[in-house]
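Peer 1: Dropping a structure here in structure tokens format, bear with me for questions.
The values are calculated or read from the model by the stated rules, or taken from the named source; none is laboratory data. Because the structure is a prediction, the values reported are computed rather than measured. Don't worry about glycine lacking a Cβ; one is built from the backbone with ideal geometry, like all the others, and counts go over all protein chains shown.
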Amino acid sequence: MPPQLLYQGAEAIISLDEKENLIIKNRIKKSYRIKELDDKIRKQRTKAEKKLLEKASKIINAPNPLPLKEFNIIKMPYVEGKKLSENLDNFPLEKQKEIMKIIGEETAKLHDNDIIHGDLTTSNLILVDDNMSASQNELNDNKRSSSDNKLNNEFSTLTNSHRVGGLVSTNFQIFFIDFGLGFISKKIEDRAVDVHLLKQALEARHFSHWEVLFDEFLKGYSNSKEAKKVLERLKEVEKRGRYRH
């Protein structure tokens with residue numbers, strides 16, 4: 001069975017290999033570029049994204065990619081869950097608040113490790129229920145080859161619990177996906193823009209309670225050692241209106 005097309009953008013084609021339960025991200029050719037240059041750019045960007053995913057997956061819930069076999073293709077475990085852009089508003093408000101606080105905590109961890117997501121919106125956040133993640137882990141165990149067992153075990157361990165303030169929540173986990181626009185940076189400005197993107201997503205798609213939800217995000221994000229500086233810079237970013245569309 002050929003992979004199922006999930007999304008085709010300007011930079012990449014995203015497909016699902018149902019047999020292996022893997023997401024395949026294929027960074028596509030650009031016909032307007034010289035082939036040698038195009039190959040080099042795609043190779044560099046694919047390698048950079050893979051390294052970023054590997055680093056992020058050791059810190060928060062994020063898919064840990066398989067070793068590269070093709071210079072322009074990343075394969076990673078499929079995160080089966082509910083995309084928050086489509087489902088957040090359907091949850092009771094108290095659960096929405098809990099979700100946003102967790103997202104704030106996890107974003108703080110990324111930023112404290114100099115990881116900028118680059119596209120921090122609810123479209124790139126997946127809620128995975130415990131029973132769903134357990135079923136997925138069992139499916140992965142059955143489908144993955146022995147050569148991939150180490151990666152699968154890492155993914156299984158990650159999905160089995162979510163650490164919230166040192167405690168374990170047994171209800172759900174939040175996964176961060178799509179680090180295609182991500183990068184490493186120590187700049188307060190870059191962190192502030194990440195936070196600003198999340199705030200914009202809440203305003204645009206979850207406007208009924210966006211202020212309450214963003215406040216919960218900030219409560220979680222306050223764990224960051226640079227939270228005060230980031231929030232001060234956020235005010236400047238918003239005043240400039242530079243990142244508004």
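Peer 1: For segment 50-64, does any single residue satisfy the condition of being modelled with pLDDT under 95 and among the small types (Gly, Ala, Ser)?
Peer 2: no
Peer 1: Restricting attention to segment 206-241, report how many residues are of a type in the set (D, E, K, R) and under 23 Å from ALA56 (Cβ atoms).
Peer 2: 6
Peer 1: Within segment 220-227, is there a residue that is over 18 Å from ILE116 (Cβ atoms), assigned to a loop (DSSP other than H, G, I, E, B), more than 19 Å from the chain's Cα centre (by Cα) and not polar (S, T, N, Q)?
Peer 2: So far as segment 220-227 goes, no, none of its residues is over 18 Å from ILE116 (Cβ atoms), assigned to a loop (DSSP other than H, G, I, E, B), more than 19 Å from the chain's Cα centre (by Cα) and not polar (S, T, N, Q).
Peer 1: Moving on to the next point. Which is outside any loop (DSSP other than H, G, I, E, B) and aromatic (Phe, Trp, Tyr), of TYR32, TYR7?
Peer 2: Among TYR32, TYR7, only TYR7 is outside any loop (DSSP other than H, G, I, E, B) and aromatic (Phe, Trp, Tyr).
Peer 1: Here's a follow-up. May I ask you to say which residue of ILE103, ILE59, ILE115 is touching a residue at least 24 places away in the same chain (Cβ under 8 Å), under 13 Å from the mean Cα position of the chain (by Cα) and surrounded by fewer than 18 Cβ atoms within 10 Å (Cβ to Cβ)?
Peer 2: ILE59
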